[in-house]
Amino acid sequence: MSLLELAKNRKTVRKFKSDDIPTMEDVLYAINVAKEAPSGMNAQPWLFYIIKDFELKQRIRIECEKAEKTFYDRSKGKLKNWLEKHGFSWKKDFLTQAPYLVLVFSDKLAPFSRESVWLSIGYFLLALEEKGLATVPYTPPNFTDVANLTDVSKDYRLEVIMPIGYSNDSKPKYKRKELKEIVLFDENS
């Protein structure tokens, strides 16, 4: 499958099969691809923390849902309407439903660490798709509280939680803009 086909097939998934567990080799393959991303000053400031333990996933879910509930309770107007229209909730079942959580951290002391880590996450997403795995890049409102549940050094900042598994979500991918809607040319092109 071409890179464009992988990108077109990849979609955000929040529902995972419970009876079909991906291999650790497939998860490590995706991380191996992700580590090949470019990084500022070649610092390679990423750290991937793999969680399989249900109790730790449950503690992370409880911590995330506590902050999400506050966020949803305070939401108003257009944001609240959009969240309701699209079926979003403060409940984050996917954090315990997925067989794995991969928490991706950036080195706080490395130059351009956030930008570099997010480049690697792009690679990671496509590698997961290549292996037939699904995820949602979930950014909790309380990064520090969640990071404190792990034994990762305080020199690292949590960027995203990636639940990993096989999709059990039949909803289609959201429509993407056409190329002509997102590309501008200088007057000499």
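The values are calculated or read from the model by the stated rules, or taken from the named source; none is laboratory data. The structure presented is a predicted model; accordingly, all values stated were derived computationally and were not measured. Don't worry about glycine lacking a Cβ; one is built from the backbone with ideal geometry, like all the others, and counts go over all protein chains shown.
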Query raised in the report: residue 20 passes all but one of (1) over 22 Å from residue 98 (Cβ atoms); (2) of a type outside the set (A, V, I, L, M); (3) modelled with pLDDT under 95; which number fails?
Result: (1)
Report task. Please list, ordered by first then second residue, the pairs with beta carbon atoms under 8 Å, 6 or more apart or interchain, first in region 14-41 and within 10 Å of residue 133 (Cβ to Cβ), second of a type in the set (Lys, Arg) and surrounded by 12 or more Cβ atoms within 10 Å (Cβ to Cβ). Result -> 22/131; 26/131; 29/131; 30/131
Requested in this report: Mind telling me which of the residues 136, 152 ends up being in contact with a helix residue (DSSP H, G or I) (Cβ under 7 Å, 6 or more places away or on another chain), modelled with pLDDT of 95 or more and either surrounded by fewer than 21 Cβ atoms within 10 Å (Cβ to Cβ) or under 22 Å from residue 27 (Cα atoms) (or both)?
Outcome: 136
Query raised in the report: Residues of region 113-133 being among the acidic types (Asp, Glu) and either surrounded by 15 or more Cβ atoms within 10 Å (Cβ to Cβ) or in contact with a His (Cβ under 9 Å, 6 or more places away or on another chain) (or both), which ones?
Result: 129, 130
Query raised in the report: Which residue pairs have Cβ atoms closer than 8 Å, lie 6 or more positions apart in sequence or on different chains, and pair a first residue in region 134-154 that is assigned to a loop (DSSP other than H, G, I, E, B) with a second residue that is among the basic types (Lys, Arg)?
Result: 136/14; 142/66; 149/59
Query - Subset of region 153-186 that is of a type in the set (A, V, I, L, M) and touching a strand residue (DSSP E or B) at 6+ places or on another chain (Cβ under 6 Å) - its residue that is nearest to residue 61 (Cα to Cα) - result: 161
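For (1) closer than 23 Å to residue 174 by Cα; (2) touching an Asp or Glu at 6+ places or on another chain (Cβ under 7 Å); (3) among the small types (Gly, Ala, Ser), each residue gets a yes or a no:
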| position | (1), (2), (3) |
| --- | --- |
| 18 | no, no, yes |
| 25 | no, no, no |
| 30 | no, no, yes |
| 39 | no, no, yes |
| 42 | no, no, no |
| 48 | no, no, no |
| 82 | yes, no, no |
| 98 | yes, no, yes |
| 108 | no, yes, no |
